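K.L.:
Let me begin by handing over the structure; questions about it come next.
Every number in this text was worked out from the coordinates using simple rules, so none of it is lab data. Everything numeric in this text was worked out from a predicted model, so none of it was measured. Cβ sites come from the backbone with ideal geometry, for glycine too, and all protein chains shown count toward neighbours.
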There are 2 protein chains.
Amino acid sequence: MDAHDLAEDEEEAKHYVQAVSTFMQYYAHSMKTIKEKVKWYVALSERQRSLIPKYEEHLRSVSSCIAKNFHVLRSIIEGVSDMFENMVIDVPVKERLPQVPDFQIDKLPSVLRQLVRDWAAEGQSERDGSYKPVIMEAERLFPGPERSKIRVLVPGAGLGRLAWEFARRGFDCQGNEYSLLMLFCSNFVLNRCDTANAFVIHPWIHQWSNNMTYSDQVASVTFPDVNPASLNSGGRLSMTAGDFLEVYARQSNCWDLVTTVFFIDTANNIIDYFETIYRLLKPGGYWINMGPLLYHFADMPGEPSIELAYEEIVDVMQRVGFRLLYQKADIPTGYTQNVSSMLRYTYRCVYFVCAKPNDDEEES
Amino acid sequence: MDAHDLAEDEEEAKHYVQAVSTFMQYYAHSMKTIKEKVKWYVALSERQRSLIPKYEEHLRSVSSCIAKNFHVLRSIIEGVSDMFENMVIDVPVKERLPQVPDFQIDKLPSVLRQLVRDWAAEGQSERDGSYKPVIMEAERLFPGPERSKIRVLVPGAGLGRLAWEFARRGFDCQGNEYSLLMLFCSNFVLNRCDTANAFVIHPWIHQWSNNMTYSDQVASVTFPDVNPASLNSGGRLSMTAGDFLEVYARQSNCWDLVTTVFFIDTANNIIDYFETIYRLLKPGGYWINMGPLLYHFADMPGEPSIELAYEEIVDVMQRVGFRLLYQKADIPTGYTQNVSSMLRYTYRCVYFVCAKPNDDEEES
C-alpha cells in the first residue's frame, strides 16, 4: 500500500463516518424544525390557536413519526461497519461522531422517499414507468437460458431495486452507487432484510406544504414489498461503491448490458459517461437508458457542467460509436413522488436502446 | 410627516432603488453564467468538443437572447420613477446604483415567466385554468348592469392580468402586490403598452436542464397578447403597492368581492389573511380562492410559518365567520410552466367560494 492509497483510504473512512453521523443526527435535526414550528404556534393569539384545534396535535403526531423514522434509520446503520470487503473502519462511539452540516442531513428525507420508490408497494407505478421498459427490453435482447453468463452493469443503482430485478431474472448484475447514504440503505435491504413488509417509515413528514389532510403528511409506508433474499434464480447481485468513472476506469469490453435509469444527467460531463459506457461494453453489447436531463451540476457555482439538449445527445452517442436501435421521448414518469401532494412533478423521460457494434460491423 | 413616516419613506425608497438595480444588473449577472459555461466547454478535450458541434453556437445564441431580454427589462424600468403618486424618488445614476445580491437578480427569470403567464398567448392555458373559473363565478355573482359599482380586490395581483380582466368586464377593481419587480412590470404593461405583441422576450433561456432541443431553450414569446389600454367597459383598474396586511390594515366592510389566486400560501400566518379578508368584505360580500398550499415561509429559518392542511383551512374559514358556498379540489393547473420542458410541475389546486354573511344572517 503506497502513500496515495493510504490518503485515499483515510478520505473514504472520513466520508463513511460522516454518513454514519448523518443518520445519527436525523432525530435531533428534525426535532429542531418541530420546535421552531411549535414556537410560532405558541406565539399565535389564543383566539387564532382556537381556530386551528388540529394543528398542535398534528405537530405532536409528526414528532412521533420522526422518532419512528429514526428507529429505522438507526437499524440501517447498525452493522454497516462490515459492509465493505476492502475497508475496515473504526466508527467513533456515538458521543464522538463529528457534526455534519444541515444540508447533509436534509438529504435523508430523499433517502426515505427512495425507499418508497424502490422497495414499497407505493413505488410500484414509478418502477413500472422507469424500470419495467428497461427490464423487458433486456429480457427480449437476452432470451436464452444462459442468462447467468450475461453481465449487466447498473450505474447509479440507488437503493438497488433495478439491479436486484436483473439478478432475480437470472442475470449476473452489478450495481454501482456513489452515495454512501444510498449504499447503507441498499446494503440493509439487500443483505439484512429477509421478510417482506418488516419495516415502517413515514416518508412524507418533512413536506409541510400542499397537504390536503394532515393524515397525508404522516402516512406510513411499509418496506420491503418483497423478500429481497428470495432470488433463487441462478442470478447474481453485487454492488460497488464510488464514482462510476473512477470505479470502472480500468475496465473495457466486459459488460453485455449497461442500463442507466435517471443517471446520465448526474455527470459533470455527460460525454465522459457516454465514452465510458462505450468502452465498458463488449462489442455487440447494449446500452439502455431511461430518464430526463436534470443536470445535477447545472446550478452549482464552480462545478464543471456541460448541459446538452436531447437532440445533441442523440448525435453524441452515435459519434461515440453507438448504433441507435430505438428511441422514444415524452414518457411521463414520477420520481420519489408523493401522490397525495397538491404539487406533482412529472418527468417526460427519454428512452433509448443503443448497441456497441461488433468488431466486424465497425470495420464495415 | 412624523419621524416614523420619514423612516418608512426612506426604507421604501431604498427598496425601490434596489429593485431598479436588480433590473440593471440582469445582463452582467446572466453573462457571468455564460462565461462560466464557456470556460467548461473550452476546458473539454478537442475530441469531446468535436462531438458536440452545436453546443458552442447555442451558448452564443443564449447570450444574444440575454441581451434582448435586457433590452425589454430596461424599457420596463424607464419611467418607473413617476409610478407612485405618493412617493418621489431620486434614482441614482446608473454608475452609482447599489450592488444587489445574486439571489435578488435570480428572481428576474421568474418575472419573465410571469410575463408569459399573464400577458402572452402561451399563458392562455394557465389563465384558463386559474383565472377563468374565478372570473366566471364573479360574473355569475354580479350579473347586473351596475357592475362599475362592484368593488373587487385582488391581493397578490402579480402582473395584473386578473385585475385587468375584472376591469375589462366593467368591475371597479384594485390589485395589490408586494413585489416591486412585479409592480414595475405591471406598471409597464398596464400604463405604457398600447399595442398588442409589441415586445419579445426569451423566457426559458435560464433553464439549462431538461431541454429536448436547443431551440426550446431560446424560444421567443411576444407580449402583451392584447392591447392593455383597450378597456372601454366603464370598469376601473388601480394597483396598490405593499404588504396586503399593512396596506389594508385600516379598512373594513368595503369590498364586494375578494379573489385570491395562488395567494393565500404567501403568508407567514395564513389565518391573518382569512381574518383580514373577512373584515374587508362588506356583509354579503364574497371571497373566491384558487390555488395550492405551497407555504412560502415553510423552509425559511427564522420566519414564522403556520402550515395548515386543506382540511383545517376549510374549518378555519368557517370559524372566522365565512359561509362556504362551494368547493372543488384536485384542479390541475400549471404556474409559469415551460410546456416544452422535460420536467413538468402541476398543482392540484383547491377552488372555493365563500360568503361573508349579511348582518341579519349573522344574528340568526
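K.L.:
Please report the equivalent ellipsoid semi-axes of the stretch A:20-131, computed as sqrt(5 x eigenvalue) of the Cα gyration tensor, largest first, in whole Å.
P.N.:
33, 22, 11
K.L.:
If you don't mind, another one. Could you name the lysines in cross-link range of residue B:14, using Cα to Cα under 30 Å and dropping any fewer than eight places away on the same chain?
P.N.:
List returned: B:32, B:68, B:94, B:107.
K.L.:
Using alpha carbons only, how many degrees (0 to 90, rounded to 10) separate the axis of helix A:270-280 from the longest principal axis of chain A?
P.N.:
50
K.L.:
Excluding same-chain residues fewer than 8 positions from residue B:132, which aspartates and glutamates have a Cα within less than 15 Å of its Cα?
P.N.:
Partners within reach: B:118, B:165.
K.L.:
Would you please classify the overall shape of the stretch A:197-254 from the alpha carbon gyration tensor, given that a ≥ b ≥ c denote the square roots of the eigenvalues, rounded means a/c under 1.5, and beyond that prolate means a/b larger than b/c while oblate covers the rest?
P.N.:
Oblate, since a/c reaches 1.5 and b/c is not below a/b.
K.L.:
Looking only at other chains, what is the average number of their beta-carbon atoms within 10 angstrom of each beta-carbon in B:204-212?
P.N.:
Mean shielding by partner chains, rounded to a whole number: 6.
K.L.:
Report, for residue A:145, each distance to the same residue's label point in the other copies, shortest first and in nm; define the point 7 Å along Cα→Cβ.
P.N.:
For residue A:145, the inter-copy label distances come out at 9.1 nm.
K.L.:
Working out 0.36 nm times the residue gap between residue B:236 and residue B:103, then minus their Cα-Cα distance, what length gain in nm do you get to one decimal?
P.N.:
Taking residue B:236 through residue B:103 to full extension adds about 44.3 nm, to one decimal.
K.L.:
Taking chain A as the reference, fit the longest principal axis to its C-alpha atoms, fit the long axis of helix A:132-141 to the helix C-alpha atoms, and give the angle between the two in degrees, 0 to 90, nearest 10.
P.N.:
The two axes meet at around 20 degrees.
K.L.:
Rounded to the nearest 0.05, what FRET efficiency do residue A:359 and residue A:128 give with R0 = 56 Å and r taken as the Cβ-Cβ distance? Could you check?
P.N.:
0.90
K.L.:
Which whole number of Å³ per residue matches the convex hull of the alpha-carbon atoms in the stretch B:226-364?
P.N.:
165
K.L.:
What is the percent of Cα-Cα separations in the stretch A:3-361 that go past 32 Å?
P.N.:
Tail of the P(r) past 32 Å holds 37 percent of the pairs.
K.L.:
What relative contact order, as a whole-number percentage, does chain A give when Cα pairs under 8 Å and 6 or more residues apart are counted?
P.N.:
Answer for chain A is 15 percent.
K.L.:
Counting each pair of different Cα atoms once, what's the Kirkwood radius of the protein assembly as shown in Å, rounded to one decimal?
P.N.:
28.7
K.L.:
On to the next question. Cα axis of helix A:55-77 to longest principal axis of chain A: angle in degrees, 0 to 90, nearest 10?
P.N.:
Taking the Cα atoms of chain A, the angle to A:55-77 is about 40 degrees.
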